[in-house]
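Working notes for the structure below.
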Amino acid sequence: MYIGRYDNKIDSKGRLSIPADFRRLLEENDPKWEPGKNAQMVIVFGDHRRNYLEVYSINDLLGVHRQIRGMDPGSKKRAALQKLFAQQVHPATFDDTGRIVLPSYLRDKVGLSDKALVVGNSQTFMIWEPEAYANDDMSNLKEEDDYDPTLDPAVYLSGDAGLM
């Protein structure tokens, strides 16, 4: 899984270094990858509701598309998901030094200039403009009656969650 946060520089050509652990996961989850080749991935950028870029491995993206195919073809939810995961995406590949190129339209969309914050998000990872990440108030998430923002989030895990 993708965990941790990394402050990385973006060079003048829009290249961003991806943490080595993240690169290994992307390689393992690219069905066409083999040693000596560069892994492929997809950067989901979305619309105005997303102020970050989210990177999916090829296998994880294939899983998303399997879920979408199982939905009603006339559904607005399916159409919205198809737009997000088939049209508002940018395919990417590592270079030989573990960097990806973020085209100017992606950098402009989320306000990236010379620095980016690469943040693990369990099954995916996100690329944020550092100040936007610091100021994100999670207001785009749904309200939950039993959520208390004053508590340490770990209290929401069951007593034996993941402790094996």
Problem set entry | Qualifying residue in region 5-19 (condition: in contact with a Leu (Cβ under 7 Å, 6 or more places away or on another chain), open to solvent by 60 Å² or more (accessible area, probe 1.4 Å), basic (Lys, Arg) and not in a helix (DSSP H, G or I)) | yes
Problem set entry | Number of the exception - Met71 against (1) touching a helix residue (DSSP H, G or I) at 6+ places or on another chain (Cβ under 9 Å); (2) open to solvent by 80 Å² or more (accessible area, probe 1.4 Å); (3) of a type outside the set (Val, Ile, Thr); (4) in a loop (DSSP other than H, G, I, E, B) | (2)
For this session: Kindly establish whether Val110 is more than 28 Å from Pro31 (Cα to Cα), at pLDDT below 95, open to solvent by less than 100 Å² (accessible area, probe 1.4 Å) and among the β-branched types (Val, Ile, Thr).
Result: no
Seminar exercise, completed: Of the residues in region 42-56, those that are under 16 Å from Leu112 (Cβ atoms) and either open to solvent by less than 10 Å² (accessible area, probe 1.4 Å) or modelled with pLDDT of 95 or more (or both) come to Ile43, Val44, Phe45, Gly46, Tyr52, Leu53, Glu54, Val55
Exercise. Can you tell which of Val89, Val64, Val118 is under 12 Å from Phe45 (Cα atoms), open to solvent by less than 40 Å² (accessible area, probe 1.4 Å) and aliphatic (A, V, I, L, M)?
Worked result: Val89
For this session: Take region 20-41 and flag every residue that is modelled with pLDDT of 95 or more, acidic (Asp, Glu) and assigned to a loop (DSSP other than H, G, I, E, B).
Result: Asp30
Problem set entry | Positions within region 121-132 being of a type outside the set (Phe, Trp, Tyr) and surrounded by 13 or more Cβ atoms within 10 Å (Cβ to Cβ), in sequence order | Asn121, Gln123, Thr124, Met126, Ile127, Glu129, Pro130, Ala132
Exercise. Of all residues in region 74-118, how many are outside any helix (DSSP H, G or I) and over 23 Å from Asp136 (Cα atoms)?
Worked result: 15
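The values are calculated or read from the model by the stated rules, or taken from the named source; none is laboratory data. None of these values were measured; they are calculated from a predicted model. Note that each Cβ is placed from the backbone with ideal geometry, even for glycine, and that neighbours are counted across all protein chains shown. Calculation scope for accessible area: heavy atoms of the full protein, side chains included, ligands and nucleic acids excluded. Shrake-Rupley method; radii C 1.70, N 1.55, O 1.52, S 1.80 Å.
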